[in-house]
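The values are calculated or read from the model by the stated rules, or taken from the named source; none is laboratory data. Keep in mind the model is a prediction, meaning the values are calculated, not measured. Here Cβ is always computed from backbone atoms with ideal geometry, including for glycine, and neighbour counts include all displayed protein chains. Quick note on the areas: whole protein, heavy atoms, side chains included, nothing else; ligands and nucleic acids left out. Shrake-Rupley method; radii C 1.70, N 1.55, O 1.52, S 1.80 Å.
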Amino acid sequence: MDTGGNSLPSGPDGVKRKVSYFYDPEVGNYYYGQGHPMKPHRIRMTHALLAHYGLLQNMQVYKPLPARERDLCRFHADDYVNFLRSITPETQQDQLRQLKRFNVGEDCPVFDGLFSFCQTYAGGSVGGAVKLNHNICDIAINWAGGLHHAKKCEASGFCYVNDIVLAILELLKQHQRVLYVDIDIHHGDGVEEAFYTSDRVMTVSFHKFGDYFPGTGDIRDIGYSKGKYYSLNVPLDDGIDDESYHFLFKPIIGKVMEVFKPGAVVLQCGADSLSGDRLGCFNLSIKGHAECVKFMRSFNVPLLLLGGGGYTIRNVARCWCYETGVALGTEVDDQLPQHEYYEYFGPDYTLHVAPSNMENKNTRQLLEEIRNNLLDNLSKLQHAPSVQFQERPPDTELPEADEDQDDADERWDPDSDMEVDEKRPIPSRVKREAIEPERKDSEAPNGTAEQARGFDNMATNETLSTKSVDVRPMAIDEPTVKVEQETSNKASDPIYPKS
């Protein structure tokens with residue numbers, strides 16, 4: 001099979017990959033509110049496992065540069081971004097009409113530091129895309145990202161800013177085609193909608209379908225105009241297990257890679273598709289979930305790994321820790337190391353948990369029908385779409401490292417970030433993502449020249465205006481808004497009740 005895309009120098013699947021990992025120690029302090037299932041604290045728990053397993057020393061670790069307002073406006077409407085910047089728990093009662101307009105207040109509550117939270121997780125995803133574009137790494141990871149429900153003008157499903165769309169727009173500066181794959185239990189509606197009329201981005205979502213949020217993702221939703229057949233939806237029923245999931249995932253993704261030939265891949269690794277999730281109803285094991293990461297890694301195409309859903313937070317941390325090991329090509333021991341969140345993982349204190357004995361409602365006949373339907377759709381794509389040879393937009397450039405920074409190859413030792421709960425400054429050995437806003441055209445790196453300043457296949461029909469996105473270059477530089485480290489209103493996340 002010709003997998004196409006940009007082959008990495010890393011070679012066969014067994015060979016190590018160069019991995020860039022994005023983490024801000026403040027992200028675990030943001031708090032959606034009492035009883036809300038979305039808990040950013042899970043990102044800190046994941047990081048603690050990575051530190052104590054010794055995985056951080058095998059990666060380049062970066063603190064993401066927060067995305068600026070104008071960076072967020074590359075996809076989101078100006079008035080929506082302005083609203084996110086200005087709204088606070090104290091002022092929300094004075095803006096009830098705006099809250100309703102932008103779908104903020106219930107599933108997507110207003111909380112202290114909301115806009116800084118959005119800037120942080122979006123900055124990590126865009127920063128990862130920049131690293132991939134500049135061949136700094138083979139795989140970039142931002143477990144705080146993957147918030148796939150956010151729309152151009154509204155929040156949705158615990159998501160405010162769609163960092164995935166912003167990262168894909170960055171990747172499109174360097175790559176003719178980008179593949180988006182979503183293994184969250186919920187349909188990746190925000191990303192699909194953004195690129196619904198484009199043949200430069202293919203979206204593939206595996207999700208629970210039928211009386212389940214967000215209600216979209218029918219197998220018959222295949223894209224529109226030039227984007228027809230470039231949206232793939234894999235609707236699944238309760239209780240799907242590893243074997244059934246891979247029966248669909250591997251042949252479908254294998255065919256997608258053969259036909260679409262992406263230059264880069266974004267994989268949203270929502271962990272609510274795991275067995276035992278608080279809001280989910282699938283029955284995947286951690287190894288089964290991670291097999292999707294391993295399979296995408298095997299194609300040797302630049303890969304951006306993002307988080308997403310996941311509401312039994314001890315299992316989320318287990319999953320993303322293990323998948324970081326998969327990205328590195330490192331097998332992680334099942335016995336958990338002692339660390340500050342060790343008691344979350346009792347009584348077994350192991351990395352892997354057995355799936356349940358719940359019924360798998362996905363019959364083999366149903367799975368075969370889905371697989372055949374989608375493979376038939378893919379067969380209608382005769383070849384990878386071409387992009388007209390035009391002047392390319394300026395790339396986001398990586399500046400020279402500051403002289404006072406430590407050597408670029410230096411890593412964290414396992415105990416270096418264990419002080420973040422006390423909100424001490426991040427160690428200087430963590431590189432801050434620092435990117436110049438623009439570069440001169442004459443300095444553009446070698447590569448396929450293309451114009452990413454808008455798709456030529458955008459739907460002009462007003463009814464489809466929300467299902468298209470402009471692709472002008474995004475600039476990331478030093479922000480004027482910084483995360484406050486000592487604010488008392490970013491409450492620590494309460495211990496998730498064991499069940």
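Points worth noting:
- Subset of segment 176-196 [open to solvent by 10 Å² or more (accessible area, probe 1.4 Å), more than 24 Å from Ile240 (Cα to Cα) and assigned to a helix (DSSP H, G or I)]: Glu193
- When residues of segment 324-361 are limited to those that are part of a loop (DSSP other than H, G, I, E, B) and either basic (Lys, Arg) or free of Cβ contacts under 8 Å to residues at least 40 places away in the same chain (or both), the one nearest to Val19 (Cα to Cα): Glu331
- Only one entry of Thr312, Thr330 meets the criterion of being surrounded by fewer than 16 Cβ atoms within 10 Å (Cβ to Cβ) and either modelled with pLDDT under 95 or among the β-branched types (Val, Ile, Thr) (or both), and that entry is Thr330.
- Residue within segment 240-247 that is open to solvent by 10 Å² or more (accessible area, probe 1.4 Å), under 28 Å from Gly128 (Cβ atoms), of a type in the set (Asp, Glu) and not in a strand (DSSP E or B) present: yes
- Any chance Asp199 is open to solvent by less than 20 Å² (accessible area, probe 1.4 Å) and acidic (Asp, Glu): no
- With respect to being assigned to a loop (DSSP other than H, G, I, E, B), in contact (Cβ under 8 Å) with a residue 24 or more places away in the chain and β-branched (Val, Ile, Thr), Thr46 falls outside the description.
- When Asp277, Asp272 are screened for being acidic (Asp, Glu) and touching a Ser or Thr at 6+ places or on another chain (Cβ under 6 Å), only Asp277 passes.
- Hey, Glu170 part of a helix (DSSP H, G or I) and surrounded by 24 or more Cβ atoms within 10 Å (Cβ to Cβ) or not: yes
- Of the residues in segment 212-223, not one is open to solvent by 30 Å² or more (accessible area, probe 1.4 Å), part of a helix (DSSP H, G or I) and more than 23 Å from Ile286 (Cα to Cα).
- Filtered residues of segment 296-309 (kept if within 22 Å of Asp237 (Cβ to Cβ) and either among the hydroxyl-bearing types (Ser, Thr, Tyr) or open to solvent by 10 Å² or more (accessible area, probe 1.4 Å) (or both)): none
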